[in-house]
Ligand code: GLC
């Protein structure tokens, strides 16, 4: 396929996932709602050819914002057929949730600022200012919420209450910590009696995906994630109640790197429209730039997520270790060390960059976030590498990504070894990232 043909095919994927011209669902079947970081990635791709529609994508996201500033990870489809999902989350139990929109009760990586800026870049100056002025109040409130709610001890790092908040649902550091946490008795019973197979048939991913067994997490892990969600719901998604109940919380590396970069964008947006960042926020943003380095482990020469309660680094190598390149706040020397890791054999697969290095016990080429290559993480890395001056490395990731999708289609994720596609087909952000790479 020629680049022009791929571009056209990518636009068609996005158009087919359009919901009433308002927002884009990640994929039909498996993902029928609006997701926070998905919509941001889609808007980044779309901004290259339909900036108005990209703006709409973001404005649709903002309708879900909670009164306390939180942007929910999902805005749930209103259709009758999706009532079970709305009942699952019951956002109405929180006094902060919007009245007329059903949402999830947790957030997702703060990609909003990046999407707003990327859209702004496509607009002439006066329109850019109008666009920034329109979105700034919501963005500011969201960043303030992240500090107020999620950084209670003013460390500069935010904590996450569920692996779904990281967008990397079953990434090894979270799953490993979960396995060490005590499971509710009913999950243990199902596990001991080996009843999980019975429940597996009810899973949405199993229903929609042909070879789900080797590509999705185990039913026991799914139950565990659901049980955490139920506990969060019982606390009405109130962070004070969540923290006093000693639930698993992690200062997730990817999330915090994205936040640091988002803060840089927030500053740029504020400057463009002549606003001063409030002093308190300004102080905390500067603190975050320094705080990423607290997640560095000298012994293994890598960055890791940290368990919030124990303050112990979770030393399992994943792609997250390279995300400080995207954050842009680490020294040139540290960046060079990360590039060395990126160029080492466990990451230098035929179709890079694997979400878990191939020499890890956790590595599985097809398993959801435990090995496969995803387009959004490749986009983040390429963007970071470019800004640190590693143009060749960035170009390599982009070229291999395009080759991978040309070979296998617009799937959700791919084997880093041979590009075997996995997850759902016609996945929006895969298409959007390819559009951005080609542009
Ligand atoms: C999966 C991914 C998450 C994404 C969602 C919708 O849950 O792990 O990152 O936002 O699907 O595509």
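The values are calculated or read from the model by the stated rules, or taken from the named source; none is laboratory data. Just so it is clear, the structure is predicted and the values come from calculations on it, not from any experiment. Backbone-built Cβ (ideal geometry, glycine too); neighbour counts: all protein chains shown.
What to note about this one:
- Residue 294 vs. criteria in a helix (DSSP H, G or I) and in contact (Cβ under 8 Å) with a residue 24 or more places away in the chain: yes
- Selection count, segment 3-27, where residues are away from the ligand (no atom under 12 Å from the Cβ), part of a loop (DSSP other than H, G, I, E, B) and either at negative phi or buried (at least 21 other Cβ atoms within 10 Å of the Cβ) (or both): 1
- Residue pairs whose Cβ atoms lie under 9 Å apart, separated by 6 or more positions or on different chains, with the first residue in segment 15-35 and under 15 Å from residue 208 (Cα atoms) and free of Cβ contacts under 8 Å to residues at least 60 places away in the same chain and the second in a loop (DSSP other than H, G, I, E, B) and away from the ligand (no atom under 11 Å from the Cβ), are 32/76; 32/77; 32/79.
Yes or no, residue by residue, for (1) closer than 24 Å to residue 262 by Cβ; (2) in contact (Cβ under 8 Å) with a residue 12 or more places away in the chain:
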position: 399; (1), (2): no, no
position: 402; (1), (2): no, yes
position: 408; (1), (2): no, yes
position: 433; (1), (2): yes, yes
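- Selection from segment 262-291 of residues that are in a helix (DSSP H, G or I), free of Cβ contacts under 8 Å to residues at least 12 places away in the same chain and over 22 Å from residue 152 (Cα atoms): 271
- Selection status of residue 262, at pLDDT 95 or above and within 19 Å of the chain's Cα centre (by Cα): yes
- Helices (runs of 4 or more DSSP H) lying entirely in segment 104-181 (those with 3 or more residues that are surrounded by fewer than 21 Cβ atoms within 10 Å (Cβ to Cβ) and over 18 Å from the mean Cα position of the chain (by Cα)): 125-150, 172-180
- Inside segment 58-71, residues that are within 14 Å of the ligand (Cβ to nearest atom) and part of a helix (DSSP H, G or I) make up a count of 1.
- Which numbered condition residue 84 fails, given (1) assigned to a helix (DSSP H, G or I); (2) within 16 Å of the ligand (Cβ to nearest atom); (3) under 21 Å from residue 169 (Cβ atoms): (2)
- Residue-level check: of (1) more than 20 Å from residue 165 (Cβ to Cβ); (2) surrounded by 21 or more Cβ atoms within 10 Å (Cβ to Cβ), residue 73 misses just (1).
- Candidate set: segment 155-182, residues that are more than 14 Å from the ligand (Cβ to nearest atom) and in contact with a helix residue (DSSP H, G or I) (Cβ under 7 Å, 6 or more places away or on another chain); chosen: the one modelled with the lowest pLDDT: 178
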